[in-house]
Amino acid sequence: KNEVEQSPQNLTAQEGEFITINCSYSVGISALHWLQQHPGGGIVSLFMLSSGKKKHGRLIATINIQEKHSSLHITASHPRDSAVYICAGFGNQFYFGTGTSLTVIP
Amino acid sequence: GAVVSQHPSRVICKSGTSVKIECRSLDFQATTMFWYRQFPKQSLMLMATSNEGSKATYEQGVEKDKFLINHASLTLSTLTVTSAHPEDSSFYICSAGRGHEQFFGPGTRLTVL
């Protein structure tokens with residue numbers, strides 16, 4: 001069993017839809033990261049969370065420390081949001097989820 | 001925000017040659033940098049932790065003589081893939097930061113022919 005589990009693995013949405021990606025973790029961490037990886041490979045750090053909720057544009061990330069669960073929400077999804085989204089918990093090292101491949105169809 | 005660069009972004013080499021990949025923190029000092037490997041359609045796998053001024057810590061299953069790591073300064077860590085083979089073809093990514101605030105490099109795609 002992976003230390004960090006993500007769901008769903010693959011997600012296809014119509015442009016404009018509200019999207020949720022879930023992440024559960026079983027290890028002790030000091031922060032949880034949401035990463036975005038486009039087909040070219042480069043990774044962009046979207047959020048780093050220790051508690052509560054953060055919002056950046058159309059992206060919202062939440063974390064529940066007690067339940068060891070985090071969610072990434074995308075409002076009004078757009079084709080340019082198509083990417084792989086990776087949840088990663090950081091303790092003394094990173095524990096990566098397997099990623100969620102998102103495709104937003106125009 | 002903090003920036004981490006990698007060089008080269010893409011490299012193609014012949015089997016048996018060695019390839020050096022650089023990871024630089026551009027506007028901050030990083031005593032620790034991490035090196036990851038990513039196979040197609042898979043998540044990142046931690047290879048080693050690079051510590052400035054001391055030996056790197058390798059994850060189980062990662063050959064330290066195969067993947068040489070040097071962290072000579074607070075802004076630069078290098079990963080050298082020695083005697084590369086086609087199975088070493090992969091996407092190599094580094095991260096650097098302060099504690100749990102980590103910043104990722106853009107990655108280096110290595111293709112060994």
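Values in this text are rule-based calculations from the coordinates and carry no lab data. The model shown is predicted, which means the values in this text are computed figures rather than measured ones. FYI the Cβ positions are ideal-geometry reconstructions off the backbone, even for glycines, and counts take in every protein chain you see.
Things worth noting here:
- Highest average packing first - A:94-105, B:55-66, A:72-83, B:34-45, Cβ atoms within 10 Å: A:94-105, B:34-45, A:72-83, B:55-66
- Low-density loop positions, chymotrypsin sites (Phe, Trp or Tyr not before Pro), the stretch A:1-55 - DSSP coil, at most 15 other Cβ in 10 Å: A:Phe18
- When the charge dipole of chain B is built from unit charges on Cβ atoms (+1 for Lys and Arg, -1 for Asp and Glu) and taken about the Cα centre, the candidate among B:Tyr58, B:Val112, B:Gln102 whose Cα reaches farthest toward its positive end is B:Val112.
- Only Lys, Arg (+1) and Asp, Glu (-1) charged, at Cβ; chain A dipole about Cα centre in debye: 240 debye
- By average C-beta atoms within 10 angstrom, highest first, the peptides A:55-61, B:86-92: B:86-92, A:55-61
- Average beta-carbon neighbours from other chains, 10 Å sphere, peptide A:95-106: 2
- Cys residues of chain B counted as unpaired, since no other Cys beta-carbon is under 4.7 Å: B:Cys13
- Residue by residue along B:35-44, Cβ atoms of other protein chains within 10 Å of the local Cβ number 4 on average.
- For peptide A:37-45, the mean count of partner chain Cβ atoms within 10 Å of a residue's Cβ comes to 6.
- Where labels lie 7 Å past Cα in the beta-carbon direction, separation of B:Ser5 and B:Lys41 in nm: 3.5 nm
- Calculated SAXS-style log₁₀ I(q)/I(0) at q = 0.07, 0.13, 0.16, 0.19 Å⁻¹ - the protein assembly as shown, Debye, Cα scatterers: -0.22, -0.75, -1.09, -1.40
- Those lysines that a straight Cα-Cα span of less than 27 Å connects to B:Lys66, excepting residues fewer than 8 apart in one chain: B:Lys14, B:Lys20, B:Lys41, B:Lys55
- For GluC sites (Glu not before Pro), no site in the stretch A:1-33 is both called loop by DSSP and has at most 11 other Cβ atoms within 10 Å.
- Relative contact order %, chain A, counting alpha carbon pairs below 8 Å whose residues are six or more apart: 38 percent
- Estimated FRET transfer efficiency when R0 is 25 angstrom, pair B:Asn70-A:Ser30 (beta carbons, to 0.05): 0.35
- Estimated FRET transfer efficiency (B:Lys20, A:Thr20; beta-carbon r; R0 30 Å; 0.05): 0.10
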